[in-house]
Each structure stands twice: as structure tokens, then as C-alpha cells.
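One structure is given here, and the rest of the page talks about it.
The values are calculated or read from the model by the stated rules, or taken from the named source; none is laboratory data. Owing to the predicted nature of the structure, the values given are computational and were not obtained by experimental measurement. Every residue, glycine as well, gets a Cβ built from its backbone with ideal geometry; the counts of neighbours run over all protein chains shown. The accessibility values were calculated without ligands, DNA or RNA, using every heavy atom of the protein model including side chains. Shrake-Rupley method; radii C 1.70, N 1.55, O 1.52, S 1.80 Å.
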Amino acid sequence: MKKFYLLLLFCSVSFNAQTHRFIYEYQFKSDSLAKEFTTENMILDINPDEVKFYPYFFAENDSINKTTNNRNSSWDDALPVLKRNRSTNKNTSYVLLNDLFSIQSEDPINWKLSTETKKFVTYNLQKATTTFGGRNWVAWFNTEINLNEGPYKFRGLPGLIFEIADDQNSFAFNLVKSYQLKSTYDTSEFLESFAGQKAIPITEKILLKKQLELFNDPLQDFKEDFKNSKGEGTFMVMNIKIKSLDQFKELTTMTQERMRKENNPIELDKAIQYPKSK
């Protein structure tokens, strides 16, 4: 059963506001064999010229930084971060490895509209289906809201997407809240950049190469830091106290096994083909 913990939608809708913000509850399984979902809140900001999709905690952290005059940065590589121009399928995705990278893609989605409808509170929703990213998806949208947008890369329906999920029960987005901001919300300090460094544009081919390089030596930075520490102070990795470089061998194997296990992206056809364990 879907859990709707908060619903505060369109008592009166005006799209003259600079940013109309939609909050989606995102449920996902990084490991396809997991029994339970991980749940996060995600923001869909619809601006006059751009659409942006990112974790809610990004905005929370940004608010704290502005209040305290700090520049603390946070990221979760299990959560999608992207933006696109309004009324287009041209997405720019952001991925944090050792640096923050941006990757452009053209992602047309071919929808099949159904005559099936259902009621959600006071909203009439219509069903649509599509195959995208190697998965089959079922969406429910509302034609009364004149926005052809939705969470992640899903867009192009004659109305706002309220719900969308894949048929393998690994991913689900559910709209839970909406409000307007008086001015266009600036994300330049936390979406298009990380820790003060702007994203580096690369291709998907180069990204895959970097992801495989990271897999081959996922703890490289920690090893370098340990070498530079020269054994001084307390050095912890994965809640384990490091006393010698030899410990990194087992920790590297453990990290690689976790990476193999948690290799269930939204776009299944982009799952990384990691080398098999020896």
C-alpha cells in the first residue's frame, strides 16, 4: 500500500510564480533483491525556463548554509540529480565520483495512454505506460494541471505526473506536496557545483570508464590519506580502525562486493558491467 504522509496540493494554482516546487516521495532499491525500500524526499522545481530534480536535503542544507554563512556540501550518489530545459527531453545529469561531473543525454519517452482512470483525493488521474531505460513503467497523471512534467526524466504527458512506478517493484515516485516560491530558486551552489567546484562536462563513455576505474581501486583516496598521515592520529575507514596498509585489501574486496550488489539503477540498461569476483 502506498504511503502518503503529507498532501498539500493545489487549492488554487497560479504558474506566475518563478518556481513551482513539487515534493515527491521516492522509494527505491539499490539492490534489486532487497525486501525493503529506501525512502527519500525529492524536489521537482519547475522554473520559467528550466526543470530541476534533486534530493530535498540539498535545499535543507542550502538553507542552513545561507543562515550560518557556511559552505558545507553533501551528496548521496544513490539519488538522481538532473536538470533540463522546459519542454525538452535534453537532460543534464550530475554524478559525484572523485569530482562532480555533468552528462548530457537526449531521453525521449514514448507514452501509451490508457482510458483507465482513478480518483486520488479530489484529483482525477489517468493511466499511461511506457518502456524507458530497460524497465516498464506505469504512470498516473492529472490533465487539469497544465504541466507536462514529472519526476526524474519522466515528462511529455498531457498533465502533471502524480505517480509513477516500474513493474518490478524497485522504483516508485509519489507526489505528496506542492508550493510556490516567489523567485527562481538558485541551485548554483549545490546542484551545478560541489564544494565550490563546478561540474566537469563529460560523455557517458568517459563516465563509465571513470566508474570502472573507481571500482578497481575504490579506496584509493583513503589509502593516500593514510600514507600521508604516517600513522599519526586515529584513522577510520568503514568504522574500522586502520593500522596498516594491508587492511585495505580486505576492505577493498568488501567495497567491490557492495558495489556489485547495489548496481540497480533507475535506467537498468545503464547498469555497470563490473568484473566478476575472483
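Could you list all residues from the range 59-93 that are in a helix (DSSP H, G or I) and either touching a residue at least 24 places away in the same chain (Cβ under 8 Å) or closer than 15 Å to S193 by Cα (or both)?
First, pick out the residues of the range 59-93 that are in a helix (DSSP H, G or I): 59-68.
Selection gives A59, N61, D62, N65.
Step by step: first the residues of the range 155-167, then only those that are assigned to a loop (DSSP other than H, G, I, E, B) and touching a strand residue (DSSP E or B) at 6+ places or on another chain (Cβ under 7 Å), then the one that is surrounded by the most Cβ atoms within 10 Å (Cβ to Cβ). Which residue is that? Don't jump to the end; show me each part of the working.
To start, the set of residues in the range 155-167 that are assigned to a loop (DSSP other than H, G, I, E, B) comprises 155-159, 167.
If we keep only those that are touching a strand residue (DSSP E or B) at 6+ places or on another chain (Cβ under 7 Å) too, we end up with 157, 159, 167.
On the way: L157: 23, G159: 20, D167: 11.
Among those that are assigned to a loop (DSSP other than H, G, I, E, B) and touching a strand residue (DSSP E or B) at 6+ places or on another chain (Cβ under 7 Å), it is L157.
Do we have I64 as touching a His at 6+ places or on another chain (Cβ under 9 Å) and either open to solvent by 70 Å² or more (accessible area, probe 1.4 Å) or within 18 Å of E25 (Cα to Cα) (or both) here? Outline the logic, then answer.
Details: touching a His at 6+ places or on another chain (Cβ under 9 Å): no; either open to solvent by 70 Å² or more (accessible area, probe 1.4 Å) or within 18 Å of E25 (Cα to Cα) (or both): yes.
Answer is no for this residue.
In this structure, does K276 turn out to be surrounded by 12 or more Cβ atoms within 10 Å (Cβ to Cβ) and touching a helix residue (DSSP H, G or I) at 6+ places or on another chain (Cβ under 9 Å)? Write out each step before concluding.
Values: surrounded by 12 or more Cβ atoms within 10 Å (Cβ to Cβ): no; touching a helix residue (DSSP H, G or I) at 6+ places or on another chain (Cβ under 9 Å): yes.
It is false that K276 is surrounded by 12 or more Cβ atoms within 10 Å (Cβ to Cβ) and touching a helix residue (DSSP H, G or I) at 6+ places or on another chain (Cβ under 9 Å).
Name the single residue that is nearest to the chain's Cα centre (by Cα) among those in the range 128-154 being in a loop (DSSP other than H, G, I, E, B) and within 17 Å of I23 (Cβ to Cβ).
So in the range 128-154, the residues in a loop (DSSP other than H, G, I, E, B) come out as 133-134, 143-154.
Among the residues that remain, those that are also within 17 Å of I23 (Cβ to Cβ) are: 145, 147, 149-152, 154.
Numbers: I145: 24, L147: 21, E149: 16, G150: 13, P151: 10, Y152: 7, F154: 13 Å.
Among residues in the range 128-154 that are in a loop (DSSP other than H, G, I, E, B) and within 17 Å of I23 (Cβ to Cβ), the one nearest to the chain's Cα centre (by Cα) is Y152.
Could you list, ordered by first residue, the pairs with Cβ atoms under 8 Å in which the first is in the range 42-58 and closer than 21 Å to A172 by Cβ and the second is open to solvent by less than 10 Å² (accessible area, probe 1.4 Å) and basic (K, R), at least 6 apart or interchain?
Cβ pairs passing all conditions: V51/R84.
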